[in-house]
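Working notes, structure below.
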Amino acid sequence: MAPHRLPCALLVFAFYILTSGTIIISRTTSPALTASPTIQQLISRRFRGLEEDISKPPIVPVLDNPTCGKRNPDGIGFRIAGGKDESEYGEFPWMVAILQQEQVRDHVENVYVCGGSLINPSVVLTAVHCVLNKSPNQLKVRAGEWDTQTKNELFAHQDRQVIEIVIHPDYFKAGLYNDIALLVLDTPIELNDGIQTICLPPPNARFDYQRCHVSGWGKDLFGKAGAYQAILKKVEIPIVPHQQCQTALRSTRLGPKFMLHPSFLCAGGVEGRDACKGDGGSPLVCPIEGSAPSYQQVGIVSWGIGCGGEIPGVYVDVAHFRTWIDGQIESRRFNASSYMLSR
Ligand code: 4AZ
């Protein structure tokens, strides 16, 4: 679609935050809502970004041979004069939103559940705690989403129904051990410049001190003061060694005997830069050494003690589960090359 035809900004998404901490995203054409100063500000910001675009053709990388982990650090098509920690449109093309369809009176609403990542056109990686006790037919996956309040994405987002939830057999709810799940989609997502798979690291690879990125639509602060994010956020954080993280966690209410389970990895502990409530299931990705613009998924947001303080966030250690993931992919006859870097 030509960029100047994009701003169908009168279709906005109303965004409700429930006391349960979930968000309802519903499309509305209410004139009162579109006339609101906040929405107008959002719309005019998008128009500014898009106008810039009309004067020069967008630089869009062409993917003849789709591969994994291609981040678009400058976005695709247009750049936003982004606020702090705002991602560019298409910057993390593997990022998906997991939505739950809920009957509200006479219609169905999409409630945001968690983040996830595309590892194959038909398979999403996420956390068990996001999808436990849900049935596949309640869940949808949305790829190509960026600003949940508008439809100003260059490519239309793609929704798919979940047909199978694969939960790690050793998931332990009380400690969130082995908090890793796969969602199988009814039909494959069509990859384009804004929707791509993420690479996975080799089994048991280590990433201590590497600088990585976590992205998500979760809260900006812990507790009631925090607000869910309309535009996909990103923060750069270092991977924290297991022992150092366990020591930090022992200084909290978890106490001095706390043992950090081997299925976890930590990242962050940097003031103001962290994942938070609502980011569960979202990917933590690190650059692949020796192939600068490619990324691999090292973690899945699992839990933490507060947000944005000096205690690192706790993630599923994806490399620890690489063999399990391969087994699940192969037994369902999907192609594992979708998450293997081939260059
Ligand atoms: C949560 O509640 C959550 N600061 C996720 C990550 C962190 C804390 C809480 C890490 O989903």
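The values are calculated or read from the model by the stated rules, or taken from the named source; none is laboratory data. The model shown is predicted, which means the values in this text are computed figures rather than measured ones. Neighbour counts run over all protein chains shown; Cβ positions are idealised from the backbone, glycine included. Areas reflect the complete protein model, heavy atoms only, side chains present, ligands, DNA and RNA absent. Shrake-Rupley method; radii C 1.70, N 1.55, O 1.52, S 1.80 Å.
Odds and ends about this structure:
- By the equivalent-ellipsoid construction on the alpha carbon gyration tensor, segment 208-335 comes out with semi-axes of 24, 19, 15 Å, ordered largest to smallest.
- Shape box of segment 62-154 [Cα atoms, principal axes, largest first, Å]: 40, 28, 24
- Loop-located trypsin sites (Lys or Arg not before Pro) in segment 136-183 whose Cβ has at most 12 other Cβ within 10 Å (DSSP): Lys173
- Put a plus charge on the Cβ of each Lys and Arg, a minus charge on the Cβ of each Asp and Glu, and nothing anywhere else: the dipole of segment 201-303 about its Cα centre is then about 360 debye.
- Solvent-accessible surface of segment 104-253, averaged per residue with a 1.4 angstrom probe and all protein chains in place: 40 square angstrom.
- In segment 204-326, a dipole from Cβ-located charges (positive for Lys and Arg, negative for Asp and Glu) runs towards its positive end, and of Gly280, Phe258, Tyr315 it is Phe258 whose Cα lies farthest in that direction.
- The label point for Glu236 and the one for Glu102, both projected 7 Å from the Cα toward the Cβ, are 3.7 nm apart.
- Positive-pole candidate from Asn72, Leu125, Thr148, dipole of segment 72-213, charges at beta carbon: Leu125
- The residues neighbouring Arg206, those whose beta-carbon lies less than 14 Å from its own, together hold a net charge of -2 under the Lys/Arg +1, Asp/Glu -1 convention.
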